[in-house]
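Working notes for the structure below.
The values are calculated or read from the model by the stated rules, or taken from the named source; none is laboratory data. None of these values were measured; they are calculated from a predicted model. Note: ideal-geometry Cβ built from the backbone for every residue, glycine included; neighbour counts use all protein chains shown.
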Amino acid sequence: MSDKSFIVPHDFSEVADSALNHAIITAKVVGAKIYVLHVVSKNKDISQAESKLKEIVEAHKSSKIELIPKVRVGNIFEDIGDFAAEHHAELIFMGTHGASGWQHIAGSHALKVVTHSTVPFIIVQLKSVGESGYDDIVVPLDLHRETKQKLAIVASMAKYFKSRVHVITPNETDEFLKNKVTANILFSKRFFEERGIEMTATLAPSNGFDKEVVKLAVEKDADLIAIMNQNKSNYLGAFGSNYEQYMITNDAQIPTLVVNPIETPYGSSILFS
């Protein structure tokens, strides 16, 4: 039995299947088992949900990945995070339906689920992932102190998938901010170089930075965009409040790794450690 585990909240929709496929490909690379979780609001819905989950697990038997169906009674906003904490999951793969969605997991609600969890999320739309997993990862770096926490998680994924990392930073005009941006790029370069990970750096206009991130991701044919969920914090750095929502529902359907800032020195929470 693997000691690494992923969670896929499943609502029996096509986009949830897409999330499960992402999880299976990642699980093959890192050697993880997957809990397929459905949350119901009433006890009477349990048995129907259990038989549906059984069918899903059966349909993916050929993947040779251990899939464990689980039904919970509760509220998806809290229970996904609680379940992840109880099972010491490394990652949660969740489908989103863009602007409107499952049990109301639309872009804005998806962030509410993310905020209730200490475990990083990979939020996917219908776009599938190649067998080699996440070959190219785009990492927007703003001037929040917490954004450096992301690098540790991105580095562990990049090691597993032998990914190339593309860092993008806002091109600030203010001298002080410009120096901070330069320092951040140097820090990232050193961080990834020490771990043998190939990295590129791009400066983009700070105005409409979210669109620039997606544009770069499309250019690089990226498989993943890694962002911090700054929705918890009341100050907004280079990113505006709609930034995260725009990312997870981006038109290019590129999956988004969403990490909550942790109140510790960066890098103490490292995925797949």
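A few points about this structure:
- Tyr266 on the phi < 0 side of the Ramachandran plot, surrounded by 15 or more Cβ atoms within 10 Å (Cβ to Cβ) and at pLDDT below 90: yes
- Selection within region 19-39 - out of contact with any Ser or Thr (no Cβ under 6 Å at 6 or more places or on another chain) and among the small types (Gly, Ala, Ser): Ala19, Ala23, Ala27
- All strands (runs of 3 or more DSSP E) inside region 1-84 with 3 or more residues being out of contact with any Gly (no Cβ under 8 Å at 6 or more places or on another chain) and closer than 24 Å to Ile254 by Cα: 4-9, 32-40
- Strands (runs of 3 or more DSSP E) fully within region 122-229 that include at least 3 residues being within 13 Å of Ile254 (Cα to Cα): 136-140, 224-228.
- Of the residues examined, His10 is not one that is at pLDDT below 95, surrounded by fewer than 16 Cβ atoms within 10 Å (Cβ to Cβ) and under 17 Å from the mean Cα position of the chain (by Cα).
- Pair list, Cβ < 7 Å and 6+ apart or interchain, from region 248-273 residues that are closer than 14 Å to Met94 by Cβ to residues that are modelled with pLDDT under 75 and in a loop (DSSP other than H, G, I, E, B): Thr249/Gly98; Thr249/Ala99
- Residue in region 170-178 that is crowded, with 18+ Cβ neighbours inside 10 Å, among the β-branched types (Val, Ile, Thr) and at negative phi present: no
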